[in-house]
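What follows is a set of notes on a single structure, which appears directly below.
The values are calculated or read from the model by the stated rules, or taken from the named source; none is laboratory data. The model shown is predicted, which means the values in this text are computed figures rather than measured ones. Here the Cβ is made from the backbone with ideal geometry for all residues, glycine too, and neighbour counts use every protein chain on show. Calculation scope for accessible area: heavy atoms of the full protein, side chains included, ligands and nucleic acids excluded. Shrake-Rupley method; radii C 1.70, N 1.55, O 1.52, S 1.80 Å.
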Amino acid sequence: MPDKEFDPHDPFDLVGTVIPSEDGVDGVEEMARALVSEYLTMGWNPNLIFDLFKKPQYRGPNIIYRQMGEEYVRNLIADEHESHRAMMARMVGESVLEEV
């Protein structure tokens, strides 16, 4: 149960804000890469991440999927997966990754 009454003027309410990207930077791609990287870091496999992009309930990833298309999302996930795997190999060693 909440400890206090609802206050419509609460300064700690979550508020979405648009942040303009720099000239020449594709904000959609940056957001997509960040999302994929985050899920890979949590241990999700690429197929699960792709399925997430297809589901309308996951609004951000799904907007990317609808705007950019299936091939774009698959290629992005593959690229990020390879980068993530290479980073993990440098951190823990290739032999450890083969055991997992």
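Measure nothing fancy, just the Cα-based angle from helix 27-41's long axis to the longest principal axis of the chain, in degrees from 0 to 90, nearest 10. Helix 27-41 and the main axis of the chain meet at about 70 degrees.
Across the chain, Cα pairs under 8 Å and at least six residues apart give a relative contact order of 23 percent. Rounded to the nearest 10 degrees, the angle from helix 70-92 to the longest Cα principal axis of the chain is 70 degrees. Summing +1 for each Lys or Arg and -1 for each Asp or Glu among the other residues whose beta-carbon sits under 12 angstrom from that of L35 gives -2.
Projecting the Cα positions of V73, S37, L52 onto the charge dipole of the range 35-84 (unit charges on Cβ atoms of Lys, Arg, Asp and Glu, taken about the Cα centre) puts L52 furthest along the positive direction. Rolling a 1.4 Å probe over the heavy atoms of the protein chains gives the range 21-79 an accessible area of 66 Å² per residue. Carbon-plus-sulfur accessible fraction, the chain (probe radius 1.4 Å, protein heavy atoms only): 54%. Remark: spin-label model distance D23-E38 equals 3.0 nm, labels positioned 7 Å along the Cα→Cβ axis.
Each Lys and Arg adds +1 at its Cβ and each Asp and Glu adds -1 at its Cβ; summed about the Cα centre, the chain shows a dipole of about 340 debye.
Computed over neighbours whose Cβ is under 12 Å from that of N75, the net charge equals -4, Lys and Arg +1, Asp and Glu -1. Angle check, please: helix 59-68 long axis (alpha carbons) against the longest principal axis of the chain (alpha carbons), in degrees 0 to 90, nearest 10. On a 0 to 90 degree scale, this one is about 60.
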